[in-house]
1. Please calculate the 1.4 Å probe accessible area of Val363, with all protein chains present, and give it to the nearest 10 Å².
2. Tell me the Rg and the Dmax, in Å, that the Cα atoms of region 378-506 produce.
3. Sorted from largest down, what three extents in whole angstroms do the Cα atoms of region 279-335 have along their principal axes?
4. Do the alpha carbons of any pairs in Lys204/Lys237; Lys89/Lys167; Lys167/Lys241 sit beyond 20 Å of each other, and which pairs?
5. DSSP loop (so not H, G, I, E, B), at most 12 other Cβ within 10 Å: list which trypsin sites (Lys or Arg not before Pro) in region 175-269 pass both filters.
6. Can you spot the aspartates and glutamates whose alpha carbon is less than 17 Å from Lys217's alpha carbon? Ignore those fewer than 8 places along the same chain.
7. By per-residue mean of other Cβ atoms within 10 Å, what is the highest-first order of 133-144, 225-236?
8. Rg and Dmax of region 125-220, Cα atoms, in Å?
Amino acid sequence: MKEEWGRSSSWDPVTLPQAEQMKSYGSPPLPIARTTPRHRLLGISHAPLFQVLRRPGRISCSSISQVHNYGTIDYERRPPFKWSLLYRKISMTDSPGGGGSSTDVLERWVAVGNKVTKWDLCRVVKELRKFRRFRLALEVYEWMTSKGRRFKFTSSDAAIQLDLIAKVHGVSRAEDHFSTLSDSLKDKRTHCSLLNAYCQAGMKDKSEAFIQVMKNKDYIEEALPYNALMTLYMNAKEYDKVKSTTLEMRESNISLDIYSYNILMTTYAAMGNMEEMEGVLEQLKADPRVNGNWGTYSTLCTMYIKLGHFEKAENCLKEAEKRITGRNRIAYHYLMTLYSSLNKKEEVYRIWNSYKSNFPVMVNKAYHSMISSLIRVGDIEGAEVMYEEWMSTKPNFDPRICNILMSSYIKEGQMEKAQEFLDHTIEKGGKPSPTTWEILADGHIRGKRIPEALSCMKEAASIKRSVDWRPRPETIASFLNFCEESSDIESKEMLLGLLRSAGCLDEEKYKSFETSRI
């Protein structure tokens, strides 16, 4: 399904992220399998992995920063505790109709006598970040800092908070926050976090200047900052700079890590140079300090798909599957996605069954990945069965899963089925998102049913969380064009009013609609 409808490109068969454990330096989010524990000390993981976009000839890369070290003992070794209940309460505030904030939940939590430790809070933040609930995670940190010396605040914590500020409020706010940190907190961790923010925002000049500051302070001891910069160059398609940066690393005795190799392989794939790409793989295999993991081979699979070498892509998937270790849910998600992109329906079901045998509880993302994969291989009936199975588990409803099937029906011109499906979902307790109604509106626009389309857009704007709703400019343009063709000034003005109320018309990509009045 297209990203604009699911609002989640994570499982697209061609955008192909590698593993949620990694967090981004660059543009569209793209994960990779987690390795190298020492990087956890830096406040961000530096694993850029790459995605091949739908548009021919374009490859984009990114990764997502993530912090693993909280200045406490390894959370994986701690027994189950109340953090999970606290996490669920906080995460529910971000659900449709949830309302509130992390701060509200935490204040109520302690008001009734519950104790909360820094370890609990950091574990909650870890989980929130994993599912990209950045606002809620930032609110947890803000609550911690508001308690003064009750919680020991380290530079690793400062790096996490800085990263979250950049994601929620933008780079400028992150810069301001960095300037307020004490000298003891301005170490390589927080510097790397700010560099990460610059690279995510595509600020090449600031990124290059800031990495020079880090060099002057002797804060560059490993590949992490260079990988961030190379990811930026990848996004800008400055492939020569990617290669020159790796040369600089070698000259500075900075060893390439698994992510550096991945960047190089993706660079050559973007250039269409499969021979050089495979040469980098051989270098990786010969490097005793680096072990190719499942993420490496799923990345290679993505690139082989882009280059049209499907047999090699499938062989890479077999290698990736061999390298899955531990209880790694995310690997199964991507394997299903990759197999579906190769139109291997039997393999999709095989991975799904293996997944279910290893995990007694299936999370929303698992169903999202499976349903998307089945639609991709043309098994709509199987996707519908899977959707009913998901709904029967009485999950924390994720409208993006509903949107996958809705989009499929609209794409096939099955407007009546799309409406029936939405009605059925609502009857079962599902709560549509603004995007759900926008999908239905798109179907009406295709059928030139302007009143029905406008009604759907009104529904989208009326939902409590519509403050974050940003409809696709293509949908708006189509609606307005039909209004002009039929001289329907009233409908056009009503839609513009909805966009104005939602704050859309203040943004650059919508401003042209404001000036295109009849």
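The values are calculated or read from the model by the stated rules, or taken from the named source; none is laboratory data. Model, not experiment: these values are computed from the prediction. Don't worry about glycine lacking a Cβ; one is built from the backbone with ideal geometry, like all the others, and counts go over all protein chains shown. SASA here: full protein model, heavy atoms, side chains in, ligands and nucleic acids out. Shrake-Rupley method; radii C 1.70, N 1.55, O 1.52, S 1.80 Å.
1. Counting only protein heavy atoms, the figure is 40 Å².
2. Both quantities, over Cα of region 378-506: 15.3, 48 Å.
3. 31, 29, 13
4. Pairs exceeding the cut-off: Lys89/Lys167; Lys167/Lys241.
5. Answer in residue order: Lys217.
6. Asp183, Asp187, Glu208
7. Result, highest mean Cβ count within 10 Å first: 225-236, 133-144.
8. Reported Rg and Dmax, both Å: 13.3, 39.
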